[in-house]
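Peer 1: Dropping the structure in here first, questions after.
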Amino acid sequence: QGENLLYCFEVAPAQPALTQVTQCRTEGSTRGLAAVPRLALDVMACEVLRVLQLTDTALVPVTYLVPRKSVQDFHEDLFPDCAGTLPATSAQAWWAGDSQQQVRKVSLHPARRPTETFTSPVIACTTGPTDTDRSVSTGRWGACRGGSGYSSPSSLASPGSAATSLSASTAPSSGFASSPSQKSLQSILGPSSRFRHAQGRVLHRDTHLTNLRGLSLTTPGECDGFCANQQRVALPLLSAGGQIAVLELSKPGRLPDAAVPTIQNGTAVADLSWDPFDPRRLAVAGEDAKIRLWRIPEGGLRETLQEPEAVLRGHTEKIYSIRFHPVASDLLVSSSYDMTVRIWELSAGREALCLQGHTDQIFSLAWSPDGKKLATVSKDGRLRLYEPRRSPQPRQEGPGPEGSRGARLVWVCGGDYLLVSGFDSRSERRILLYRAQALPEGPLSVLGLDVAPSTLLPFYDEDTGVVFLTGKGDTRVFLYEVTPEPPYFLECNSFTSNEPHKGFVFLPKTVCEVREVEFA
């Protein structure tokens, strides 16, 4: 009472005895709850439970439905016979030792509903009954109807706008455990994620960096918009000369109104990335087809940096994106409008290999977790898999997303699978899962999410198998657990922020507060 959450559990005689099925957030606080009798349920709509919620000002029906392909048929596995409304014995017979203990069961099938009703006799007086009293007591009091006289008002029986209708996957447990032969709830709803109750939470304002000014919000779609490591964050600025602000995460709070020290990149920023093994080295790809390496002084920027540590030249057109190698030091890969992918040795400041085979814009590229393979997805609707130490040509090719608006990819499930986010021909955002050893066979699974203009940026947490997906300008972050067996994508709680985000990046796992069970 006083709460606005309704929890629904399945109860089983074996462990785990309680399994949460769903939770429903109601509009008003609960003052009381009552379950509607099963004989009043709309069985042809697969309604298995209806609860009436009493609030301060209303009586609100909450309906629970089990999704079924056909709603023309009566589903006997959902609706076993239930106790009817005729008593099994009378009070006098019970006192006399009648052993009939079970109320006769009746079918919930609309065509086989019982028609008999029972009405309690009126008790007129507790002293010795007179003849007239006896005649009254054997009469019927028509106003006192038994359970089957509960006629479903249309507002309660139909799970329409009056009801707080739950999602299609909602289904409670009552009515399933009456016989071992009936399907369990798990087999009806399918498997659910172990992390479905993961909660996204905005940390206290004391940890925020505020008063950011003059941010560049026009970085290409292939760029995350900014980048962070465990110590600092790099933010492209709108001002001329490709300036980049570098802020220390150890110094949260409001930034001064005066200009902060910056990196003077000399040209507009196309993408930027921190070295995973050297937290002071920042690689910046420019629109002038060059990659500049910058070294941040110990303790952070105190004055404007104008001279890069090194400049990498080789691409002939603007660069799309850059990625550091996950295993080896001093290795960087870049993709460009010249339709090549180049691997650089930073210690020597030279290009080590140029990968060929692309015929159109390269949307995204990603190293496998072991660093042996490199996957790309491009505008020509193709996925390509390279093994750079063996050949500059792709080892495999396969069909990618249909839409040509943008795509991203990330390795999942220990590097055995590739998850690609993109669009279909109708601009619906979707995610696709491929087996890395069988790209030509096409996706194992495709899941449509919503219609929105921005490409979904995926981040994969390999410890839990959860992928986070959101786009620039979105307020919602989708969470799915990715599994190597069907149904492949298990939905978890999504996170919604109060205002649209311009960029979204994840920090290394080492910054997580493990005592709070924070995993990302």
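Peer 1: Hey, which of the strands (runs of 3 or more DSSP E) in the range 1-107, taking only ones fully inside, have at least 1 residues that are under 20 Å from SER192 (Cα atoms) and open to solvent by 50 Å² or more (accessible area, probe 1.4 Å)?
Peer 2: In the range 1-107, 5-11, 18-25 are the strands (runs of 3 or more DSSP E) which contain 1 or more residues that are under 20 Å from SER192 (Cα atoms) and open to solvent by 50 Å² or more (accessible area, probe 1.4 Å).
Peer 1: Looking at the range 287-323 only, could you name the residues that are of a type in the set (Ser, Thr, Tyr) and crowded, with 20+ Cβ neighbours inside 10 Å?
Peer 2: Passing the criteria: TYR320, SER321.
Peer 1: If you don't mind, another one. Which pairs do you get when a residue that is closer than 16 Å to PHE277 by Cβ and open to solvent by 50 Å² or more (accessible area, probe 1.4 Å), found in the range 508-520, comes within reach of a residue that is among the charged types (D, E, K, R) and part of a loop (DSSP other than H, G, I, E, B), reach meaning Cβ atoms under 8 angstrom, with the pair 6+ apart or on two chains?
Peer 2: Matching pairs, first to second residue: LYS509/ASP463.
Peer 1: Hey, can you tell me all the residues within the range 281-317 that are touching an Asp or Glu at 6+ places or on another chain (Cβ under 7 Å) and over 15 Å from PRO236 (Cβ atoms)?
Peer 2: The answer is ARG281, ALA289, LEU293, ARG295, GLY300, GLY314, HIS315, THR316, GLU317.
Peer 1: What number goes with the only condition from (1) open to solvent by 40 Å² or more (accessible area, probe 1.4 Å); (2) in contact with a Cys (Cβ under 7 Å, 6 or more places away or on another chain) that THR340 does not pass?
Peer 2: (1)
Peer 1: Take SER334 and decide whether it is open to solvent by 30 Å² or more (accessible area, probe 1.4 Å), within 38 Å of the chain's Cα centre (by Cα) and of a type in the set (Gly, Ala, Ser).
Peer 2: So SER334 fails the test.
Peer 1: Then there's this: Looking at GLN230, GLN199, which one is touching a helix residue (DSSP H, G or I) at 6+ places or on another chain (Cβ under 8 Å), under 22 Å from GLU516 (Cβ atoms) and touching a residue at least 24 places away in the same chain (Cβ under 8 Å)?
Peer 2: GLN230
Peer 1: List the number of the failed condition for THR219; all other conditions in (1) surrounded by fewer than 20 Cβ atoms within 10 Å (Cβ to Cβ); (2) at pLDDT below 90 hold.
Peer 2: (1)
Peer 1: I'd like the full set of residues that are under 16 Å from the mean Cα position of the chain (by Cα) and loosely packed, with under 13 Cβ neighbours inside 10 Å, limited to the range 494-507.
Peer 2: THR496 - this is the single residue of the range 494-507 that is under 16 Å from the mean Cα position of the chain (by Cα) and loosely packed, with under 13 Cβ neighbours inside 10 Å.
Peer 1: Under 9 Å by Cβ, and 6 or more places apart or on different chains, what pairs join a residue from the range 282-295 that is on the phi > 0 side of the Ramachandran plot with one that is open to solvent by 10 Å² or more (accessible area, probe 1.4 Å) and part of a strand (DSSP E or B)?
Peer 2: ALA289/ARG313
Peer 1: Another question about this same structure. Could we say that LEU353 is part of a strand (DSSP E or B), free of Cβ contacts under 8 Å to residues at least 60 places away in the same chain and either among the aliphatic types (A, V, I, L, M) or open to solvent by less than 10 Å² (accessible area, probe 1.4 Å) (or both) here? Show your work before the answer.
Peer 2: On the way: part of a strand (DSSP E or B): yes; free of Cβ contacts under 8 Å to residues at least 60 places away in the same chain: yes; either among the aliphatic types (A, V, I, L, M) or open to solvent by less than 10 Å² (accessible area, probe 1.4 Å) (or both): yes.
Spelling it out, LEU353 is indeed part of a strand (DSSP E or B), free of Cβ contacts under 8 Å to residues at least 60 places away in the same chain and either among the aliphatic types (A, V, I, L, M) or open to solvent by less than 10 Å² (accessible area, probe 1.4 Å) (or both).
Peer 1: Report, by residue number, each residue of the range 228-274 that is outside any strand (DSSP E or B), closer than 18 Å to SER216 by Cβ and of a type outside the set (A, V, I, L, M).
Peer 2: Those that are outside any strand (DSSP E or B), closer than 18 Å to SER216 by Cβ and of a type outside the set (A, V, I, L, M): SER239, GLY241, GLY242, PRO261, ASN265, GLY266, THR267.
Peer 1: So if I check each of VAL233, VAL284, VAL260, which one is modelled with pLDDT of 95 or more, hydrophobic (A, V, I, L, M, F, W, C) and within 18 Å of GLU303 (Cα to Cα)?
Peer 2: VAL233
Peer 1: So, VAL477, is that one in contact with a helix residue (DSSP H, G or I) (Cβ under 7 Å, 6 or more places away or on another chain) and aliphatic (A, V, I, L, M) or not?
Peer 2: The answer is no for VAL477.
Peer 1: Would you kindly identify the strands (runs of 3 or more DSSP E) lying entirely within the range 392-452 that contain at least 2 residues that are open to solvent by 10 Å² or more (accessible area, probe 1.4 Å) and of a type in the set (Val, Ile, Thr)?
Peer 2: 445-451
Peer 1: If you don't mind, another one. Among the residues of the range 356-367, what is the count of those that are buried (at least 20 other Cβ atoms within 10 Å of the Cβ) and either free of Cβ contacts under 8 Å to residues at least 24 places away in the same chain or within 20 Å of LEU457 (Cβ to Cβ) (or both)?
Peer 2: 6
Peer 1: Read through the list (1) open to solvent by 30 Å² or more (accessible area, probe 1.4 Å); (2) under 32 Å from the mean Cα position of the chain (by Cα); (3) under 28 Å from LYS379 (Cβ atoms); (4) at pLDDT 90 or above, then give the number of the only condition that LEU249 fails.
Peer 2: The one condition LEU249 does not meet is (3).
Peer 1: Could you tell me how many of the residues in the range 458-492 are of a type in the set (Gly, Ala, Ser), modelled with pLDDT of 95 or more and open to solvent by 10 Å² or more (accessible area, probe 1.4 Å)?
Peer 2: Number satisfying all stated conditions: 0.
Peer 1: Could you list all residues from the range 503-520 that are farther than 12 Å from ARG476 by Cα and either acidic (Asp, Glu) or not in a helix (DSSP H, G or I) (or both)?
Peer 2: If the condition is that a residue be farther than 12 Å from ARG476 by Cα and either acidic (Asp, Glu) or not in a helix (DSSP H, G or I) (or both), then GLY503, VAL505, PHE506, LEU507, PRO508, CYS512, GLU513, GLU516, VAL517, GLU518, PHE519, ALA520 are the ones that fit.
Peer 1: Oh, and also: Please name all residue pairs, on different chains or six or more residues apart, with Cβ atoms under 7 Å, provided the first residue is in the range 259-280 and is among the small types (Gly, Ala, Ser) and the second residue is in a strand (DSSP E or B) and open to solvent by 20 Å² or more (accessible area, probe 1.4 Å).
Peer 2: SER273/ARG323; SER273/PHE324
Peer 1: Limited to the range 325-340, what total is found for residues that are assigned to a loop (DSSP other than H, G, I, E, B) and either under 18 Å from GLN356 (Cα atoms) or basic (Lys, Arg) (or both)? Break it down stepwise before answering.
Peer 2: Just the residues of the range 325-340 that are assigned to a loop (DSSP other than H, G, I, E, B), to begin with: 325-330, 337-340.
Of the ones still in play, those that are also either under 18 Å from GLN356 (Cα atoms) or basic (Lys, Arg) (or both) are 337-340.
Result for the range 325-340: 4.
The values are calculated or read from the model by the stated rules, or taken from the named source; none is laboratory data. Note that the structure is a prediction, hence the values are computed from the model and not measured. Methodologically, a virtual Cβ is constructed for each residue, glycine included, from the backbone with ideal geometry; neighbour enumeration extends over all protein chains shown. For accessibility, only protein heavy atoms count, side chains too; no ligands or nucleic acids. Shrake-Rupley method; radii C 1.70, N 1.55, O 1.52, S 1.80 Å.
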